Amino acid sequence: MAIKFKPCSVAGCNRNAHRIAKGAGGFCNLHWKRFKRHGDPNGKNCMRGERIAWLLGFIDWEGDGCLQWPFYRGPDGYGRTRYEGQENTAHRVMCILANGPPPTPWHEAAHNCGKGHEGCVHPKHLRWATTSENQMDRAAHGTSNRGERCGNSKLTEADVRLIRSLTHATYAELAVRFDVSPWTISRAARKIDWFWLE
């Protein structure tokens, strides 16, 4: 069987293209890694210093709407960059630059707009928040992955409401009926999980 060769889409590269990027042609592994890291397969247009300079240029930005990160964003939609020797999210770096360092290492850069997953780095949309505060924001903005939106969830909101109404059944019986563990039923019934549902 012959091996199919498709050249890398970068001019002058004679390597075999293995990877396809959104909105771009196929890249060899080397150019794919550069594209992933820098947003450019040649790794020249979006160097790390330029990213920090870009953030500093918008530190006092007052514009309406979200300020979108124009460089590489991960699969989750959040911008990525290096800052002080380590990989970080772009919105966290902007929060550090605009609001100073976090009060504790556990504080998170939270978005008032709920559009962090769309690459927002607007300095006026960012503040330091605890994990719990950030999760409450996500729930309020509808971007939380709790309940049915969680990839591991086997129960639906309707299931949980039904479980809570069936007070005569044991957790073991309900576990068989809904194909989950008695522990999952117990947590749903006692409002430890799915606590936001009435």
Values of log10 I(q)/I(0), in the order q = 0.09, 0.15, 0.16 Å⁻¹, for segment 87-198 under a Debye, Cα-only, solvent-free model: -0.36, -0.72, -0.76
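If the chain between Asn88 and Glu157 were fully stretched, how many nm would it gain, using 0.36 nm times the residue separation less the Cα-Cα distance? If you can, show how the numbers build up before the last one.
Numbers: separation 69, 0.36 × 69 = 24.84 nm, distance 3.52 nm.
Gain on extension, Asn88 to Glu157, equals 21.3 nm.
Starting with the highest mean, order 189-195, 78-84, 118-124, 60-66 by the number of other Cβ atoms within 10 Å, averaged over the residues of each peptide.
Numbers: 189-195: 14.9, 78-84: 17.9, 118-124: 20.4, 60-66: 10.3.
In decreasing order of mean packing, 189-195, 78-84, 118-124, 60-66 become 118-124, 78-84, 189-195, 60-66.
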Label zone at Ile59, where the point sits 7 Å out along the Cα-to-Cβ direction: segment 101-138 residues whose backbone N lies under 14 Å: 101, 123-124
Linear extension gain, Met136 paired with Leu166, 0.36 nm per residue minus alpha-carbon span: 7.9 nm
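Can you tell me the accessible area per residue over segment 46-148, all protein chains present, probe 1.4 angstrom, in square angstrom? Mind showing how you got there, number by number?
Details: 5410 Å² over 103 residues.
Per-residue value: 53 Å².
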Aspartates and glutamates whose Cα lies under 16 Å from that of Lys33, excluding same-chain neighbours fewer than 8 positions away: Glu87
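The values are calculated or read from the model by the stated rules, or taken from the named source; none is laboratory data. It should be emphasised that the depicted structure is a prediction, and the values quoted were computed from it without experimental measurement. No Cβ is skipped: glycine too gets one built from the backbone with ideal geometry, and neighbour counts run over all protein chains shown. Only protein heavy atoms, including side chains, enter the accessible area calculation; ligands, DNA and RNA are left aside. Shrake-Rupley method; radii C 1.70, N 1.55, O 1.52, S 1.80 Å.
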